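S.K.: This is the structure, below, for whatever I ask next.
The values are calculated or read from the model by the stated rules, or taken from the named source; none is laboratory data. Worth saying up front: this structure is predicted, and the values here are computed from it rather than measured. In this analysis, Cβ positions are derived from the backbone assuming ideal geometry, glycine residues included, and neighbour counts consider all displayed protein chains.
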């Protein structure tokens, strides 16, 4: 058996990892593998295991914080931002998002949520609406006033 130097072993290991990752990527795209995975995920015991895992692990505050930090770091990378921007600029992606949003808004649960939201936050929403209205009115008034002042100065 050939003896490898440490750097050679490390390099060979990296090559093996890359080849394995490429093979797995290709393997997971096969239709029969996708069908098998879909069937497996529909089993009640698998669903129960996943639900329990989510309940006891993922929903813990420290785990949520770690996931959020990882997402923040990943999405802050320039190449990821560029990929996302390119992806979300596609027209078919925009259309799918619009359709998904339309379907969600049409559900009774969403309508009930919106009703409850407006009931709970009515005072705050009205205050914000009035603030917006008065700010716009003040801007209009100040624009009209400044226009009148310019006219009176020029006539002088």
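S.K.: Checking the condition modelled with pLDDT under 95 and surrounded by 10 or more Cβ atoms within 10 Å (Cβ to Cβ), which residue from 93, 58, 46, 80 passes?
M.R.: Working: 93 fails: modelled with pLDDT under 95; 46 fails: modelled with pLDDT under 95; 80 fails: modelled with pLDDT under 95.
Being modelled with pLDDT under 95 and surrounded by 10 or more Cβ atoms within 10 Å (Cβ to Cβ) holds for just one of 93, 58, 46, 80, which is 58.
S.K.: Suppose we filter 65, 35 for residues that are under 22 Å from residue 24 (Cβ atoms) and either touching a residue at least 60 places away in the same chain (Cβ under 8 Å) or surrounded by 10 or more Cβ atoms within 10 Å (Cβ to Cβ) (or both); which single one remains? Show your work before the answer.
M.R.: Working: 65 fails: under 22 Å from residue 24 (Cβ atoms).
Exactly one residue qualifies, and that residue is 35.
S.K.: Let me ask another. The conditions are (1) modelled with pLDDT of 95 or more; (2) in a loop (DSSP other than H, G, I, E, B), and residue 36 fails exactly one of them. Which is it?
M.R.: Status for residue 36: all satisfied but (2).
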